[in-house]
Structures are given as C-alpha cells and as structure tokens.
1. Please specify each residue of region 160-188 satisfying the condition of being in contact (Cβ under 8 Å) with a residue 24 or more places away in the chain and assigned to a loop (DSSP other than H, G, I, E, B).
2. Taking the residues in region 512-547 that are open to solvent by 40 Å² or more (accessible area, probe 1.4 Å) and in contact (Cβ under 8 Å) with a residue 60 or more places away in the chain as candidates, determine which candidate is nearest to SER498 (Cα to Cα).
3. One residue is enough: does region 189-197 have a residue meeting the conditions modelled with pLDDT of 95 or more, assigned to a loop (DSSP other than H, G, I, E, B) and under 30 Å from GLY136 (Cα atoms)?
4. Which residues, taken from region 425-458, are buried (at least 16 other Cβ atoms within 10 Å of the Cβ) and farther than 15 Å from ALA196 by Cβ?
5. Kindly check whether there is at least one residue in region 98-119 that is touching a strand residue (DSSP E or B) at 6+ places or on another chain (Cβ under 9 Å), aliphatic (A, V, I, L, M) and in contact (Cβ under 8 Å) with a residue 40 or more places away in the chain.
6. Filter region 362-396 down to the residues that are in a helix (DSSP H, G or I) and either under 24 Å from the mean Cα position of the chain (by Cα) or under 16 Å from GLU316 (Cβ atoms) (or both) and list them by number.
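The values are calculated or read from the model by the stated rules, or taken from the named source; none is laboratory data. Owing to the predicted nature of the structure, the values given are computational and were not obtained by experimental measurement. In this analysis, Cβ positions are derived from the backbone assuming ideal geometry, glycine residues included, and neighbour counts consider all displayed protein chains. We work out accessible area using only protein heavy atoms, side chains counted, and drop any ligands, DNA or RNA first. Shrake-Rupley method; radii C 1.70, N 1.55, O 1.52, S 1.80 Å.
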Amino acid sequence: MTSERGAGAFSFVLHSHLPYCRLAGRWPHGEEWIHEALAETYIPLLDSLYDLQEEGVAYRLTVSLTPVLTEQLHDGDVGERFLHYLQEEIEAAKEDLERFGQQGKEQLASLAAFYRDFYRGIEQSFRYRFGKDVVGALKRLQDEGYVEIITSAATHGYLPLLSRDSSIYAQLRAGVASYERHFGRGPRAVWLPECAYRPAFLDDNNVVRPGLEAFLSSLGLTCFFAETHALEGGRPVGRAAGDVAIGPYAAIKRRYVPLKTEEREATEATTFHAYYVASGEGMTEPPVAVIGRNERVGQQVWSGDFGYPGDADYREFHQKDPESGLQYWRVTGAEVDLGEKDLYHPDWAAYRVREHAAHFTGLVEGLLQEYRAEEEKYGIVSANYDSELFGHWWFEGIDWIERVLRRLADNPHVDLVTTSEYLNREPPEQVVALPESSWGLGGGHWTWDNPDVQWMWKPIHEAERRMERLVRAYPQAGGDLLAALNQAGRELLLLQSSDWPFLVTTGQAGEYASKRFRSHLQRFQQLAAMLEEGPAAVSRDVVDELYELDNVFPDIDYHWFEARQGEAG
C-alpha cells in the first residue's frame, strides 16, 4: 500500500472449511466433497491469484483455512484420489460430447467440450503449476505478501457449547500447531467456527469460565471475526451485563460476569471499525481485536432476493444431467422449475461477471466514502464469505473475485488490505463487550443445539471429562500409551466438529453426519476403555488401525486436554 490513503479499507475474508471426510465414503457424501471443492473452488482460486500476481496486480486477500481442511489438502492419498476424480469428470464430459453430437444438440455438445477443457485445465494446474501441493501454493502467496492465511479451531468445534475449557484450549492449540507446521510461522488471526462467540460467565459450580478472547490471547491469536449483529448489538464496555438468553431460539442461559474495568464512553459499535474485546476481568494481554462482517456487502452476495449468484445468466447448480451429472443449464429465473431451465451460455455469464464486479466495486467505494463523509473517520468494509460459495455453488464466483480484486487494487478511494495490514495501520481505539452470538439461524446456537441434535451433546461432554481423567492418569506416557492417548485426542477433536449437528439440522446429510458422529464416539470410547483398563490392555494394532483412518494432526499432544476449568492459558 502507498502512503496516500483512500477513503477507507476493504478486506476480502474467505473462510475455507470442509468436514473431515478422508476415507469416509465418496458420492454422495464423503471425500468427494474435497474433490469438488478442489476442482471448482480452491484450484481455480489459486489460478486466479497466481495470474494476478504474474500480471503485477497488488491485490490483498485474507484466507481462513481450517486445520482439518489443511491436513486433508496436504494428504498425498487425497491428492491421488482427486486426480482419479478429475479423470472421471473428463471422461463423463467426453461421453456427453459424443452423445450430444450424435443427437445433433450443438449447444449441449459445446458445453460438454467446455467442461472437458475445464477439468483438463484443473488437472494441469494441480499437477504442474502447483506441484500437487495446494497448501504450499497458498504458503508462497502468504510469504510474498499477497495473502494472509488465518487459522481456526482444529476440527471446527463449536466452542461455546463445549463443557470443558480443556477442550476449547485443545481445539485452538491444535489449530495453531497445525498452522505453524504447514506455514512456518505463527498465525495472528483466527476464524471462530460459525463466528460463534461467548463472553465470560459463571458456571453451575460458580467457576468463572473465561471468555473466548482469553483463550485466543493465551495462544497469540489477536484478532477474530464476528457476525454483524454481534457488533451492532454489542455493549460498549461499562454497560451492565445481566443474565441473557442466547438468541430467540435458545433455551440456554448464562450468568455473565460483570466487567471489572473502568467506565468508558458508551459509543455504539459498528462494523466499520475494529475493537478490542473485553469480558469478565476486562481486556486480555495481549488484547484481542474483533472485526464485524459488513452486512451490506454480505447480502449483495448471499441474498436470495438480490444476490449476484441468482442472476438468470449464471449456471444453475441444482439441475444436473441424469447420465453424467454435469450442469448444462442456467438459472433462467427464480420461479422457473428445474425442468424448464434454459441452456447455459458461458459468454453471457462472463458478461454478467464483469457487470457485477463493477457494481460491487462501486458499492464498496460508496460505503467507505459515505462513512468517511458522515463520521469523518477512516473505516473498513470486511466482506466475509464461505470460500466454497465461489466456484462450487456460484460457478462464476471465482472469476468475479478476480475481477473485484483487480478493480479494487487500482481504485484510489479504496485501500485493499489483509486483516493484519489493517490492524497494523488502524489499531482499535475502543473496547467492546460482545454478546453471545453466531452467524447461525437466529444469531445464537440453535442450529447446533436444537431438539434434533441435542442427543449429541451429552456424549461429547462425557468424553471431554473422560479425556481429562486419562491425562491425569498418565502424566508422562510413552510408546504405545502415548500413541493411544494421542489417538484418543484426535477422535475427541473429530467428535466435536460442528459439522455433524449442522448437517443434521439442515437436512443436507443428516444420516451420514449421525453415522460419522457415532463412529468417532465409538473410536474414542474404544481407546478410552483400553487405557482405563491399564497399560497391558492397550493394543498397538488397534491404535494404528484407527490412526490409518483418522491421521490428522500428527503432532497432537494429549496434554493439551489437561483439566483447566476456569483457566484459558
């Protein structure tokens, strides 16, 4: 960035996450999720970013990679099976090309050739441009200053609903360790899974449970992101905090700890600034900043009413060819039945991408200039999205990101920044006490804690306490004991994944998610039972067999699960 500043800053934040699905099935649920995301999102995004770099475009992008996704992307076996997946897609497109040609369907044949060339290009990039190393390709962009990669909890565990501080610490500690191993440095920022935050509170035993910011601070993580309503509805430090229910659907109630800090000016919070976070005893040391998602730019993409992906000329995601599964139709119209969709025209879609990129650039510039004029302050617009929305769900979305980055990099009114660049330049000046919140339905925890999934939480909480007892029983384990304890830790982290209740609640893959949840629970219980029986009962063959299935976080340390209720560090 130059010394001359624009009206404000803009930060793209792409949150990349998939559940652990290595060797856990393929179609319709399982490892194919990774293959599809690689083909349609991650590699096209890398191609665009490397193209921009080679053209000398001074773009900036923040990418959240969950540790469980990073481990899977780095797995060589996953990469080899991805190449098989690409060959299957190429062959399917070639067969469609022959079939449509014989039927005299020229437009469909043209689209089949389009897909054949698309998947061939993805294969070439994966093999040769990035050396079958997606994580390494992202690392190079970070090392050269174009991208900031941020971490998350190890398996995207839903932190506010975990019962033991040992589990919260272990989720985050494993995430930091994975990041350091893959990227050769410590992370500065973190994406809290599902943007789920909770402040300090008193539990039923009158133990003060630290706010999540305390765990982040203890691990050197000094920034996270919150949903819009958490900032705009947050309490500036000094305002009273009573007993508050967690959103309109939640039955949970916390006894929040009154802030022990001096009164500060009661200024309403906004997503145009970063703030330091305080709860319980007050600000942590080092302090932790929060940046809120800008609702206007978020809705411009997410909204079902006026979001870009619903444009008539973009590819229809849900309509697939019954033989090949390839997608040959365009949205056509929101009220048009799937069987009535028109054929897709890539050139029409490309035209709309250019228009929408120009519109979005103007929207960002306008928001920042309006805020500067009204408040006389330098603000930030943080545009936070799931990465997989682009390319996979919204096929043209990666091209749109590239065009937006290109336009904003040349816009004198907007400073394109990574998260840490912005915080270095504009450190927070105010402190805010955030409410308990998430970006789920209703703004609370309902998506992950409702009648359909409440059966999951009791065994999770029992396993948390059981793991603490195992750590206490074996303070200095080695050999087979060490391997078994570490594998128990892996299975507990995988059991805690927010994906399992999410997939059940949304109905996307409820049966699959329930089965996966039970499998990790059974594996944890099997390991715990051996360890509780004594060292002689531990079978290294069983441990190794489970490791072959669930080999994430090779440097896990079971001591991370040591009991620490009421302590974040």
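1. Within region 160-188, LEU162, SER163, ARG164, GLY184, GLY186, PRO187, ARG188 qualify.
2. GLN525
3. Within region 189-197, one or more residues are modelled with pLDDT of 95 or more, assigned to a loop (DSSP other than H, G, I, E, B) and under 30 Å from GLY136 (Cα atoms).
4. GLU426, PRO428, VAL431, VAL432, ALA433, MET456 - these are the residues of region 425-458 that are buried (at least 16 other Cβ atoms within 10 Å of the Cβ) and farther than 15 Å from ALA196 by Cβ.
5. Yes, region 98-119 contains a residue that is touching a strand residue (DSSP E or B) at 6+ places or on another chain (Cβ under 9 Å), aliphatic (A, V, I, L, M) and in contact (Cβ under 8 Å) with a residue 40 or more places away in the chain.
6. Passing the criteria: VAL364, SER387, GLU388, LEU389.
This table checks each residue for (1) modelled with pLDDT under 95; (2) out of contact with any strand residue (DSSP E or B) (no Cβ under 9 Å at 6 or more places or on another chain); (3) open to solvent by less than 40 Å² (accessible area, probe 1.4 Å).
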{"site": "VAL331", "(1), (2), (3)": "no, no, yes"}
{"site": "GLY339", "(1), (2), (3)": "yes, yes, no"}
{"site": "TRP348", "(1), (2), (3)": "no, no, no"}
{"site": "TYR351", "(1), (2), (3)": "no, yes, no"}
{"site": "HIS356", "(1), (2), (3)": "no, yes, yes"}
{"site": "THR361", "(1), (2), (3)": "no, no, yes"}
{"site": "VAL364", "(1), (2), (3)": "no, no, yes"}
{"site": "GLN369", "(1), (2), (3)": "no, no, no"}
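One line per residue, one yes/no per condition, for (1) closer than 21 Å to GLY121 by Cβ; (2) among the β-branched types (Val, Ile, Thr); (3) touching a Pro at 6+ places or on another chain (Cβ under 7 Å):
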{"residue": "SER64", "(1), (2), (3)": "no, no, no"}
{"residue": "THR70", "(1), (2), (3)": "no, yes, no"}
{"residue": "ASP77", "(1), (2), (3)": "no, no, no"}
{"residue": "LEU86", "(1), (2), (3)": "yes, no, no"}
{"residue": "ALA93", "(1), (2), (3)": "yes, no, no"}
{"residue": "ASP96", "(1), (2), (3)": "yes, no, no"}
{"residue": "GLN102", "(1), (2), (3)": "no, no, no"}
